[in-house]
Structure formats: structure tokens, C-alpha cells
1. Taking the residues in region 75-88 that are more than 12 Å from the chain's Cα centre (by Cα) and touching a residue at least 40 places away in the same chain (Cβ under 8 Å) as candidates, determine which candidate is farthest from residue 38 (Cα to Cα).
2. Can you confirm whether residue 91 is buried (at least 16 other Cβ atoms within 10 Å of the Cβ) and more than 14 Å from the chain's Cα centre (by Cα)?
3. If you go through region 106-144 one residue at a time, how many are more than 19 Å from residue 49 (Cβ to Cβ), open to solvent by 60 Å² or more (accessible area, probe 1.4 Å) and touching a residue at least 12 places away in the same chain (Cβ under 8 Å)?
4. Pairs, please: C-beta under 9 Å, at least 6 apart or cross-chain, first residue closer than 13 Å to residue 106 by Cα and in region 41-64, second open to solvent by 40 Å² or more (accessible area, probe 1.4 Å) and among the basic types (Lys, Arg)?
5. Mind checking which residues of region 1-26 are exposed (fewer than 11 other Cβ atoms within 10 Å of the Cβ) and in a helix (DSSP H, G or I)?
6. Does region 28-37 include one or more residues that are over 24 Å from residue 93 (Cα atoms), touching a helix residue (DSSP H, G or I) at 6+ places or on another chain (Cβ under 8 Å), outside any helix (DSSP H, G or I) and not basic (Lys, Arg)?
7. So which of 100, 81 ends up being at pLDDT 95 or above and open to solvent by 80 Å² or more (accessible area, probe 1.4 Å)?
8. Every residue in region 89-105 that is free of Cβ contacts under 8 Å to residues at least 40 places away in the same chain and either of a type in the set (A, V, I, L, M, F, W, C) or in contact with a Leu (Cβ under 7 Å, 6 or more places away or on another chain) (or both), please.
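The values are calculated or read from the model by the stated rules, or taken from the named source; none is laboratory data. Just so it is clear, the structure is predicted and the values come from calculations on it, not from any experiment. Neighbour counts are summed over all protein chains in view; Cβ atoms, including those assigned to glycine, are modelled from backbone coordinates with ideal geometry. Surface areas here come from the heavy atoms of the whole protein model, side chains and all, with no ligands, DNA or RNA. Shrake-Rupley method; radii C 1.70, N 1.55, O 1.52, S 1.80 Å.
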Amino acid sequence: MRTPDRYAWLEQQSRLLKAGRIQDLDIEQLAEALEQEMGNERRELYRRLRILIGHLLKWQYQPDQRSSSWAGTIRVQRKDLAKLLKDSPSLKRFVDAEILDAYTDAVDLASFETGLPKSSFPADCPYQAQVLFDQEFWPSPSAG
């Protein structure tokens with residue numbers, strides 16, 4: 001969307017819609033804005049999964065460096081993911097695909113922050129969606 005003030009434009013479109021002035025809506029741009037918002041929701045799912053998985057990897061593969069900060073990040077990401085999926089339950093159908101997409105970047109994050117080579121981590125995500133969202137799940141230290 002190419003408007004100088006997107007927020008003001010969205011406010012205007014909302015007022016027009018609430019007033020029933022459908023003929024005055026910028027339908028093409030409004031459809032584009034809705035599609036952008038759908039993409040934003042899915043990107044938010046991806047970002048939170050990337051951070052959560054990255055911190056779980058750090059927790060598992062560098063247990064001697066565990067901190068309350070890491071635990072806090074894991075807890076916050078889980079709570080924010082639960083809220084996101086509660087508010088937009090239709091996003092649940094994308095969780096498995098976003099886990100797959102986020103994993104490579106989560107490994108990159110964990111590798112960078114721990115100093116461990118990327119090859120230290122599994123090729124595929126070791127965490128299923130069910131455990132990612134489980135507040136009680138904390139991976140055991142890796143044997144490797």
C-alpha cells in the first residue's frame with residue numbers, strides 16, 4: 001500500500017465501513033491491506049517459533065550456561081504463541097510448516113549465541129509442536 005499515512009488511511013476505511021459507505025471504500029487497497037495483515041500474523045508465528053526453538057536448543061546444548069534470562073525468553077515466547085493462536089486459531093494449520101521454516105534460523109541463532117558450530121545441532125527440529133507449547137517441557141542436556 002502506498003499511502004503517506006497508513007494508519008490514518010486504515011482509520012478512514014474503518015469509519016467508511018462502519019457507516020455503511022461501501023461505495024466509498026478503496027476496495028483494491030483494502031484487500032491488499034488485509035492480505036498484508038494475514039502475512040503479518042503468519043510472520044509473527046514464525047518469529048516467535050524461531051526464538052523459542054533457538055532458546056530451547058541453547059538450553060539443551062549448553063546446559064552449563066543456562067540462565068533465568070533464557071528461561072524467561074522461553075516462557076514469554078510460549079505465552080505469546082498461546083495468545084497468538086487463541087486470538088487467531090486458524091493459524092494453527094500453519095504451525096508445523098512454520099516450525100520447519102523457523103528451524104534453520106533457530107539453529108543459526110543458537111549457534112551464534114553459544115559459539116557452537118551449526119553441525120552440533122540436529123538436521124531436523126527435535127521438538128514437536130506439542131512440546132514447544134508445553135510450559136512444563138524443558139529439554140534435557142544433549143549427550144553430544
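1. If we take residues in region 75-88 being more than 12 Å from the chain's Cα centre (by Cα) and touching a residue at least 40 places away in the same chain (Cβ under 8 Å), then 75 is farthest from residue 38 (Cα to Cα).
2. Details: buried (at least 16 other Cβ atoms within 10 Å of the Cβ): yes; more than 14 Å from the chain's Cα centre (by Cα): no.
Taking the combined requirement at face value, the residue does not satisfy it.
3. Summing the residues that are more than 19 Å from residue 49 (Cβ to Cβ), open to solvent by 60 Å² or more (accessible area, probe 1.4 Å) and touching a residue at least 12 places away in the same chain (Cβ under 8 Å) in region 106-144 gives 3.
4. Going by the 9 Å Cβ cut-off, the qualifying pairs are 58/66; 59/66.
5. Result: 7, 8, 18, 22, 23.
6. Within region 28-37, the subset over 24 Å from residue 93 (Cα atoms) is 28-30.
Adding the requirement that they be touching a helix residue (DSSP H, G or I) at 6+ places or on another chain (Cβ under 8 Å) leaves 29-30.
Filter once more, keeping what is outside any helix (DSSP H, G or I): none.
Within region 28-37, not a single residue is over 24 Å from residue 93 (Cα atoms), touching a helix residue (DSSP H, G or I) at 6+ places or on another chain (Cβ under 8 Å), outside any helix (DSSP H, G or I) and not basic (Lys, Arg).
7. Matching residue, one of 100, 81: 100.
8. The answer is 92, 97, 100.
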